[in-house]
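Written out below as C-alpha cells is the structure these notes cover.
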Amino acid sequence: MFNPTKGLLSALAIATVLMMSAMVTCAQTTGSVTMTATVSNFVELTSGGAVTLTGNSGGSVITDGTANSPLAVVVNLGELGPSNTNSFVTLSAPLRLRSNVAYQLNMVSSVAGAGATSFSLKDTDVGFGLTPAARPANLAAGVDTNATPGDPTVGGSTDVNGRWVFAGANSTLGAYAVSGAVLSGPRINKAVSANSATNLTFPAIFSIKPQFFDPAPAITITAQFTVVAL
Amino acid sequence: MPLYSITPIRLSLLTILLVVCAVSSLGQSTTGTVTMSATVSKFVEINSGGAVTLTGNSGGGVTTDGVANSPLAVSINLGELGPSNTNSFVTAQVPLKLRSNAAYVLSMTATVTSSGTTASRIGTADIGFGLGTVSRTGLGVNAGADTNATSGDPTLPANGSVNGATGRYEFTAVRSNLSAFTSATTALSGPIIMNAVPRSNANGLTVPAFFAVKPQFFENGTTTISVTFTVTAP
C-alpha cells in the first residue's frame with residue numbers, strides 16, 4: 001500500500017543524490033598540469049675542422065679534425081732535428097666551443113720519448129698559443145680572455161746557450177704540465193636551438209723550432225683540452 | 001585528451017621524461033685531445049771551414065777555394081813538387097767544419113794517381129796528412145774531448161824524417177800520410193758537437209786538415225791526389 005510519507009522521503013533522497021551528483025560534476029570542469037624542468041650548464045668542445053701542418057719534413061696528418069665532431073687529432077710532426085731546414089714545424093688545430101654559461105678552457109700536456117739530457121726536446125721547446133678572434137654578432141656579446149700570447153712563432157729568440165725560446169708567458173707546453181686555463185669568457189651562444197651552427201672557433205697552434213736536439217726516434221706530444229662551466 | 005584526464009601516473013612519467021632529457025643534455029663533449037708524434041734523427045754534417053791556405057808552392061794555386069759553411073769541394077793545384085821547388089814543404093791547410101747532434105766519426109779515404117811508373121813516382125806515403133787543433137768554440141757548441149787519430153801537422157819534425165837507407169823523406173808518425181787512408185779510416189771522433197740550438201746557428205767544430213808534400217826528386221809526371229772526408233754517427 002502506498003505510504004505518502006515514505007514516498008516523499010524517497011523523492012527527497014533521490015533529489016539530494018541528484019543534486020550532489022550535479023555539484024560534483026561541476027567541480028571537475030578545471031584541471032592543472034604542473035611541469036618542472038632544468039636548464040643545465042652546457043659547455044662543449046669539438047673539433048673546429050681540418051688541421052694545418054706546415055714546415056714539416058716527413059710528417060703528415062694521421063687523424064684529421066672534423067668540424068663539430070669530437071676532437072681527437074693525431075699528427076706526425078716528422079723530423080725535428082737540424083736536417084729539417086724549415087724555421088718552424090707548426091700545427092694549427094681548430095677548436096670549437098659552445099656554451100650557455102661562462103666557460104673556461106683548460107689544457108694539460110706532456111712530452112714523452114724525447115730523452116732526458118739537457119739537449120733533449122722538452123715541453124718548453126713546444127710552442128703553444130691560441131689566436132681567438134673577436135666574437136661575431138651571432139654569438140653572445142663578450143670578450144674572451146686568452147691566457148696565451150697567441151701565435152708562438154711570433155717573436156722568440158735564442159737564449160744564452162743558443163737554444164730557441166718562445167716569447168711570453170704560457171707560450172710553451174712547459175706551462176701546462178698540470179692543467180691550466182688557456183681561454184675563458186662569458187656565455188658563448190645566444191638562446192638558439194641546440195642544432196644551431198653558431199660557435200666560437202679558433203686555432204690552437206703548436207710549434208717547434210727544429211734544433212740540434214738529442215736523437216729520439218719516437219717522441220709523443222699530447223695536449224688534452226677540457227672545457228668547464230664557470 | 002582533456003587535461004583533467006592526466007592521471008598522477010601519467011604525470012609522474014612525464015616528469016621522469018623531462019628529468020631524463022635534462023640529464024642527457026650533460027652528455028656533450030667537453031674534452032678533446034691533440035696527439036703529436038715526431039722524430040729527431042741523428043744529424044752529422046761536414047762543411048768547409050773557410051778559405052784554404054797554400055804555402056811553399058811553386059806555381060799552382062787554389063783553384064776552388066773553401067767557403068765557410070758551404071759544402072767542402074776544394075780544388076788545389078799544388079804546383080811543382082820536384083826539386084826545382086826549393087821550399088821545405090808544399091802545404092795545403094784546409095779548414096773543416098763539423099756539426100752534429102750525436103757522437104761522430106770523421107773518416108777519410110784517399111787515392112793518389114801518378115803518371116809515373118817507377119818507385120820514385122809520388123805515392124800515397126809521400127803525401128803527409130794530419131788534423132790540427134780541434135776547436136769547439138762559439139755559442140751553442142758543446143764542450144767535449146775529441147780524439148785525433150792523426151799525428152797533427154805532418155811538417156812537424158817529430159812526424160817525419162829522411163829515410164837513412166833510401167834518402168827519401170818519409171812521414172813516419174802514426175797516420176801521418178795518405179797511405180794510412182787508402183781505405184776509409186777514422187781521422188777524428190768525438191761526442192756530440194752542438195747543443196740544442198737551431199740549425200741557423202752557424203757555429204760548430206772546426207779543425208784544419210793539413211796536406212804536405214816534401215819536394216823531392218820524384219819521377220816527373222802529373223799526379224792527382226783525391227781525398228774524401230765522410231762524417232758518420234755511429
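Data for the structure
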read-out	value
Selection count where residues are among the polar types (S, T, N, Q) and closer than 18 Å to A:Gly65 by Cα, scope segment A:84-127	2
Sole residue being farther than 17 Å from A:Met107 by Cβ, over 20 Å from the mean Cα position of the chain (by Cα) and at pLDDT 95 or above, chosen from A:Ile219, A:Ile208, A:Ile188	A:Ile219
Top-ranked residue in segment A:201-230 [being more than 27 Å from A:Gly55 (Cα to Cα) and part of a strand (DSSP E or B); ranked as farthest from the other protein chains (Cβ to nearest Cβ)]	A:Ala229
Residue identified as surrounded by fewer than 17 Cβ atoms within 10 Å (Cβ to Cβ), assigned to a strand (DSSP E or B) and either on the phi < 0 side of the Ramachandran plot or more than 14 Å from chain A (Cβ to nearest Cβ) (or both) among B:Thr86, B:Thr91, B:Thr35	B:Thr35
Residue tally, condition closer than 18 Å to A:Val108 by Cβ and not small (Gly, Ala, Ser), over segment A:143-171	4
Answer residue from segment A:109-168, given it is basic (Lys, Arg) and under 28 Å from the mean Cα position of the chain (by Cα) and is farthest from the other protein chains (Cβ to nearest Cβ) among those	A:Arg135
Candidates A:Leu105, A:Leu97, A:Leu71 - the one that is more than 9 Å from chain B (Cβ to nearest Cβ) and over 21 Å from A:Thr124 (Cα atoms)	A:Leu97
Extreme residue, nearest to B:Asn195 (Cα to Cα), among residues of segment A:175-187 that are within 13 Å of chain B (Cβ to nearest Cβ) and outside any strand (DSSP E or B)	A:Tyr176
Unmet criterion (only one of (1) under 27 Å from B:Ile193 (Cα atoms); (2) buried (at least 22 other Cβ atoms within 10 Å of the Cβ); (3) among the aliphatic types (A, V, I, L, M)) for B:Val134	(2)
Residue check for A:Leu91: out of contact with any Lys or Arg (no Cβ under 7 Å at 6 or more places or on another chain) and at the interface with chain B (Cβ under 7 Å from one of its Cβ atoms)	yes
Matching residues, segment B:178-206, being among the hydrophobic types (A, V, I, L, M, F, W, C), over 15 Å from B:Asn142 (Cβ atoms) and either assigned to a strand (DSSP E or B) or at pLDDT below 95 (or both)	B:Ala187, B:Leu188
Count of segment A:113-167 residues which are surrounded by fewer than 21 Cβ atoms within 10 Å (Cβ to Cβ) and under 30 Å from B:Ile192 (Cβ atoms)	20
Unmet criterion (only one of (1) farther than 21 Å from B:Ala196 by Cα; (2) in contact (Cβ under 8 Å) with a residue 40 or more places away in the chain) for A:Val74	(2)
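The rows are residues; the columns are (1) at pLDDT 95 or above; (2) part of a loop (DSSP other than H, G, I, E, B); (3) under 17 Å from B:Ser183 (Cα atoms).
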residue: B:Val112; (1), (2), (3): yes, no, yes
residue: B:Thr118; (1), (2), (3): yes, yes, no
residue: B:Gly130; (1), (2), (3): yes, no, yes
residue: B:Thr133; (1), (2), (3): yes, yes, no
residue: B:Arg136; (1), (2), (3): yes, no, no
residue: B:Thr150; (1), (2), (3): yes, yes, yes
residue: B:Asp153; (1), (2), (3): yes, yes, no
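Rundown of residues vs (1) of a type in the set (Lys, Arg); (2) part of a loop (DSSP other than H, G, I, E, B); (3) more than 21 Å from B:Val40 (Cβ to Cβ), yes/no style:
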{"site": "A:Thr117", "(1), (2), (3)": "no, yes, no"}
{"site": "A:Gly127", "(1), (2), (3)": "no, no, no"}
{"site": "A:Asn138", "(1), (2), (3)": "no, yes, yes"}
{"site": "A:Ala141", "(1), (2), (3)": "no, yes, yes"}
{"site": "A:Gly162", "(1), (2), (3)": "no, yes, no"}
{"site": "A:Ala167", "(1), (2), (3)": "no, yes, yes"}
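The values are calculated or read from the model by the stated rules, or taken from the named source; none is laboratory data. Computed from a predicted structure; not experimentally measured. Because the Cβ atoms are built from the backbone with ideal geometry, glycine has one as well, and the counts that use them run over all protein chains shown.
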